[in-house]
Amino acid sequence: MSEGVGHLPHHGGAEPHEGPPPGLPRQRRGTTPQGYGRYPDFDVLDQVDHWDEVTRRVVLSRLEKIPPIRFFDEREAATLGAFCDTVLAQHSEPRIPVLAMVDAKLHAHQLDGYRYADMPPDGQTWRQVARCLDEEARALRADDFASASQGIRDNVVGRFAEGELAWEGFPVEKAWAVAMRMTLSAFYSHPWAWNEIGFGGPAYPRGFARLGPGQREHWEEPPEFATDPVKDVAERGVEGE
Amino acid sequence: MSTRLATVLRGSRRPPENDSAWLLDPERRGVPGRESMARFAEREEVDMVIVGCGAGGATLAQRLARRGWRIVVLEAGPFWDPDEDWVSDEAGSRHLFWNDPRVIGGSDPVELGKNNSGRGVGGSMVHYAGYVPRFHPSDFEVRSRDGVAADWPISYADLKPHYERVERELPAAGEHWPWGDPHGYPHSPHPVAGGALRAMEGARKIGIEFKVGPVAIANGSFGHRPHCIYRGLCLQGCKVNAKGSPLITHVPDALAHGVEIRDRAQATRIEVDEAGRCTGVTYVVDGVEHHQRAAVVTVAGYSIETPRLLLHSAGPRFPHGLANGNDLVGRGVMVQGAPQVAGRFPEEMRMYKAPPPEICSEQFYETDPARGFVRGFALQTVGPLPIAWAEHVLADGHWGQALREYMRDYNHWYTLGALAELLPRPQNRVTLADESDANGVPVARMDYSQCDNDRANIAAAKQTLHDVLEAAGAQDVLTIDRYAHLVGGCAMSASPEDGVVDSDHRAWEVPNLFVCDGSVMPTQGSANPALTIMALASRLAERLGEGRVRVPGRGTSTSWRKTSNPR
Ligand SMILES: Cc1cc2nc3c(=O)[nH]c(=O)nc-3n(C[C@H](O)[C@H](O)[C@H](O)COP(=O)(O)OP(=O)(O)OC[C@H]3O[C@@H](n4cnc5c(N)ncnc54)[C@H](O)[C@@H]3O)c2cc1C
Ligand code: SF4
């Protein structure tokens with residue numbers, strides 16, 4: 001089934017929606033965000049003994065206790081946490097603590113080396129995104145973005161992504177770029193996300209030896225496409241779509 | 001040397017006058033010799049201060065030190081120890097980049113940070129991919145041939161011996177190169193991964209030829225540099241010392257010949273006397289200001305920081321900035337259009353393996369009148385890691401569950417990229433912004449807008465990438481528009497009206513001020529720039545060292561005091 005592409009969005013596969021994607025196996029080894037992934041028997045953390053010490057420290061620190069939110073206030077954190085969950089489809093535990101990672105970076109004044117001439121500094125951009133998301137949710141008769149239904153959140157984020165929202169004096173497309181840049185680099189720096197996508201992770205000093213098409217190292221696992229969705233859904237005790 | 005003989009001798013010839021690879025420690029990656037490095041007094045007038053220890057600065061320092069010049073290099077970033085400072089991880093490598101604030105504007109703003117420049121000994125080549133193609137002879141005469149942009153005041157023939165020399169120092173590995181001025185490489189081509197094999201097969205079906213290389217990764221024994229382990233993290237700094245960057249290709253030899261490198265030392269101002277000559281450089285270490293006197297100042301800080309420093313060095317003698325009497329400093333800064341197209345294959349390709357730079361085609365490099373635009377593009381490979389892959393998926397318009405689905409499919413994808421030559425335009429410029437950095441120096445602002453020729457070139461490049469992937473059997477494609485590389489801004493020119501420096505990199509307005517980095521390029525071709533920047537530095541060093549460039553008030557440089565080799 002890996003030969004088919006029916007699971008891909010260009011071919012009618014996953015669209016933004018609630019609940020787990022149909023047919024995706026439950027993770028059997030290690031942790032993945034939301035407990036499913038394409039590589040159910042792969043845990044990149046089994047390989048930590050093969051990583052160099054400096055890299056190991058840096059990567060494993062991402063699994064340690066999450067720092068408290070310090071840059072955003074409570075209200076912003078609620079809105080932006082819901083935003084990160086929506087754009088990453090993190091609708092259930094276990095979640096990668098993306099907003100906490102973003103907050104830590106902004107709190108430490110870590111910059112990315114550029115700012116659009118017509119945009120405020122990144123931290124202010126995030127705050128403004130929080131305000132605007134709440135306003136958009138209220139315009140759709142929710143109390144705020146965080147407490148809005150998944151449908152409303154998807155609606156607002158969908159229009160944000162398409163650049164269809166008009167926010168006074170605030171270029172929406174660039175705001176989307178700034179927010180998504182940080183969100184994605186937080187999520188895909190996390191070993192749980194590597195488990196989900198079957199990424200081999202740090203490979204120093206061991207390196208890779210099997211480079212050809214369809215080849216893998218002895219410790220890499222094949223993807224699993226052949227799960228019977230009906231059985232799998234029943235096993236996981238979740239409703240189908 | 002004939003191609004055949006060069007092939008027989010591949011890898012067995014040691015580069016002349018550069019022992020860097022043999023000075024490295026076989027057991028540790030850090031550069032030996034820092035403890036015993038030369039130290040000059042700030043009040044002493046050294047022969048040259050170089051600002052920036054990257055592609056241009058480090059190469060120039062190594063060459064001139066071999067000729068006895070007393071040189072201090074000021075480098076804003078740290079003196080890296082790859083064992084301790086670098087990680088085998090994408091997000092953990094952000095400290096390699098120039099992350100200080102910069103402002104971007106124009107109708108097509110260029111995102112900077114990790115995409116453009118580095119900070120530290122070795123410069124941006126610490127995290128460059130490692131492609132090292134030469135420019136084509138046509139690149140030096142774009143104005144004469146196509147009626148646009150500019151001609152260089154030098155030709156391909158002027159750089160050719162230096163290309164050959166630097167290729168042996170890096171060393172460059174690849175197949176015999178049929179494009180531009182055909183040439184071979186000192187090291188054999190590396191094995192390529194699955195995706196590159198498929199792409200080459202697909203391309204061949206539609207008449208497009210790819211070659212393996214050229215990359216600055218030794219293939220075979222080369223001094224104390226270990227072999228590549230195909231771990232795919234070249235853009236995060238090579239912890240193995242397999243990929244060549246000035247940190248390991250020129251700095252060790254420079255230290256052994258008496259160069260002092262002061263790291264974490266950010267130049268804030270070039271000082272000038274009443275006669276309009278440079279006297280030295282003011283710089284800041286840990287918030288404390290210092291000053292180094294020098295007979296000659298060379299700026300090699302990259303195409304953004306070099307114009308910034310010149311503009312900020314304005315004073316009574318040069319009210320609009322150093323070397324900026326004609327209002328040309330910072331103008332003509334260029335990036336290459338670098339769209340990437342990824343293709344989905346039934347087999348796992350696992351594009352995180354093998355160095356991202358694998359194969360290249362320069363079949364579309366030259367102007368083709370049938371295409372309706374001038375100049376062209378090159379095709380290469382890129383190998384995005386998960387975060388870069390997520391940016392790619394996002395750019396194709398996906399978020400939420402759709403994004404996660406494409407991410408989960410990562411191992412089935414392979415990514416090609418193009419480098420499209422965009423033309424230099426005077427309104428594309430580096431200027432000083434209203435805000436300042438921690439040292440009180442205004443930050444750089446870079447404005448960028450494309451012209452119609454640029455857009456047509458990028459569109460053609462993107463279409464060709466699609467065609468190759470389709471012919472290779474890709475089941476689905478994802479596209480991202482982006483830029484790569486950044487050169488120009490202090491163009492060399494044949495006359496003072498047309499540029500900032502002359503053919504010897506000397507500022508037209510300041511006789512003892514030189515610029516030696518990517519900013520001197522009047523045009524950029526569709527080749528990656530690092531090799532050419534090093535070759536330019538190598539040529540300048542030869543001319544300065546042999547006294548063919550006169551530095552007024554000092555006689556010819558040959559009369560300068562030669563120190564004996566300290567080791
Ligand atoms: C992701 C990426 C991939 C790339 N891939 C390739 C590739 O495959 N092939 C290729 O040819 N090129 C590649 N490049 C581009 C290449 O690395 C650069 O073009 C080249 O290194 C530029 O050389 P330079 O001498 O102009 O500046 P740099 O090498 O950047 O050196 C400038 C140095 O000056 C220092 N500096 C700046 N201002 C000051 C100051 N005021 N005081 C003190 N020090 C200062 C900086 O810290 C820096 O170390 C890539 C770049 C990036 C970002
Ligand atoms: S792939 Fe090779 S050259 Fe690139 S970082 Fe790894 S060891 Fe170094």
Would you check if B:SER303 is hydroxyl-bearing (Ser, Thr, Tyr), in contact (Cβ under 8 Å) with a residue 24 or more places away in the chain, more than 11 Å from ligand 1 (Cβ to nearest atom) and open to solvent by less than 20 Å² (accessible area, probe 1.4 Å)?
no
Exercise. Kindly indicate whether B:LEU486 is part of a strand (DSSP E or B), within 16 Å of ligand 1 (Cβ to nearest atom) and within 14 Å of chain A (Cβ to nearest Cβ).
Key: yes
Restricted to the range B:96-110 and to residues being within 7 Å of chain A (Cβ to nearest Cβ) and within 17 Å of the chain's Cα centre (by Cα), the residue nearest to ligand 2 (Cβ to nearest atom) is B:PHE97
Those residues of the range A:38-55 which are facing chain B (nearest Cβ under 9 Å) and assigned to a helix (DSSP H, G or I) amount to A:VAL54, A:THR55
Note: among A:ALA108, A:ALA166, just one is closer than 30 Å to B:PRO442 by Cα, at pLDDT below 95 and open to solvent by 40 Å² or more (accessible area, probe 1.4 Å), namely A:ALA108
When the range B:512-533 is checked residue by residue, the ones that are of a type outside the set (Ser, Thr, Tyr) and more than 8 Å from ligand 1 (Cβ to nearest atom) are B:ASN512, B:LEU513, B:PHE514, B:VAL515, B:VAL520, B:MET521, B:PRO522, B:GLN524, B:GLY525
Could you say whether any residue in the range B:143-160 is away from every other protein chain (no Cβ under 14 Å) and within 15 Å of ligand 1 (Cβ to nearest atom)? yes
Among residues of the range B:234-290 being polar (S, T, N, Q) and near ligand 1 (Cβ under 10 Å from one of its atoms), the residue nearest to the other protein chains (Cβ to nearest Cβ) is B:GLN236
Filtering the range B:260-285 for residues that are closer than 12 Å to B:LEU513 by Cβ and in a strand (DSSP E or B) leaves a count of 7
Within the range B:199-218, is there a residue that is within 14 Å of chain A (Cβ to nearest Cβ), of a type in the set (Gly, Ala, Ser), crowded, with 20+ Cβ neighbours inside 10 Å and away from ligand 1 (no atom under 15 Å from the Cβ)?
yes
The one condition B:GLY195 fails out of (1) away from ligand 2 (no atom under 13 Å from the Cβ); (2) open to solvent by 10 Å² or more (accessible area, probe 1.4 Å); (3) within 14 Å of chain A (Cβ to nearest Cβ) is (2)
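For the range B:461-483, name all the residues that are part of a loop (DSSP other than H, G, I, E, B) and among the basic types (Lys, Arg).
Result: B:ARG482, single match.
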Check: Is it true that some residue in the range B:466-488 is open to solvent by 50 Å² or more (accessible area, probe 1.4 Å), without any contact (Cβ under 8 Å) to a residue 40 or more places away in the chain and over 22 Å from the mean Cα position of the chain (by Cα)?
Finding: no
How many residues of the range B:324-335 are open to solvent by 10 Å² or more (accessible area, probe 1.4 Å) and either farther than 27 Å from B:GLY113 by Cβ or in contact with a Leu (Cβ under 6 Å, 6 or more places away or on another chain) (or both)? The answer is 3
Selection from the range B:282-300 of residues touching a helix residue (DSSP H, G or I) at 6+ places or on another chain (Cβ under 9 Å) and either under 22 Å from B:ASP437 (Cβ atoms) or open to solvent by 20 Å² or more (accessible area, probe 1.4 Å) (or both) yields B:VAL299, B:ALA300
Query raised in the report: If we scan the range A:129-137, do we find a residue that is open to solvent by less than 60 Å² (accessible area, probe 1.4 Å), acidic (Asp, Glu) and over 21 Å from B:GLY118 (Cα atoms)?
Result: yes
*asked:* Just to be sure before I move on: is B:PRO357 within 16 Å of ligand 2 (Cβ to nearest atom), in contact (Cβ under 8 Å) with a residue 24 or more places away in the chain and not in a strand (DSSP E or B) in the structure I sent?
replied: yes
Residues in the range B:500-515 that are outside any strand (DSSP E or B), open to solvent by 10 Å² or more (accessible area, probe 1.4 Å) and either without any contact (Cβ under 8 Å) to a residue 24 or more places away in the chain or closer than 19 Å to B:GLU305 by Cα (or both) total 0
(message) Checking the structure you have, find out if any residue of the range B:336-351 is more than 15 Å from ligand 1 (Cβ to nearest atom), of a type in the set (D, E, K, R), over 19 Å from the mean Cα position of the chain (by Cα) and open to solvent by less than 10 Å² (accessible area, probe 1.4 Å).
(response) yes
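For (1) among the hydroxyl-bearing types (Ser, Thr, Tyr); (2) touching a residue at least 24 places away in the same chain (Cβ under 8 Å); (3) part of a helix (DSSP H, G or I); (4) under 22 Å from B:LEU403 (Cβ atoms), each residue gets a yes or a no:
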residue: A:GLN128; (1), (2), (3), (4): no, yes, yes, no
residue: A:CYS132; (1), (2), (3), (4): no, yes, yes, yes
residue: A:ASP154; (1), (2), (3), (4): no, yes, yes, yes
residue: A:THR183; (1), (2), (3), (4): yes, yes, yes, yes
Just one listed residue, out of B:SER117, B:SER93, B:SER124, is touching a residue at least 24 places away in the same chain (Cβ under 8 Å), within 6 Å of ligand 1 (Cβ to nearest atom), open to solvent by less than 10 Å² (accessible area, probe 1.4 Å) and within 14 Å of chain A (Cβ to nearest Cβ), and it is B:SER117
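The values are calculated or read from the model by the stated rules, or taken from the named source; none is laboratory data. Keep in mind that what you see is a predicted model, and the values were worked out from it rather than measured. Neighbour counts run over all protein chains shown; Cβ positions are idealised from the backbone, glycine included. Remember, those area values only see protein heavy atoms, side chains included, never the ligands or the DNA or RNA. Shrake-Rupley method; radii C 1.70, N 1.55, O 1.52, S 1.80 Å.
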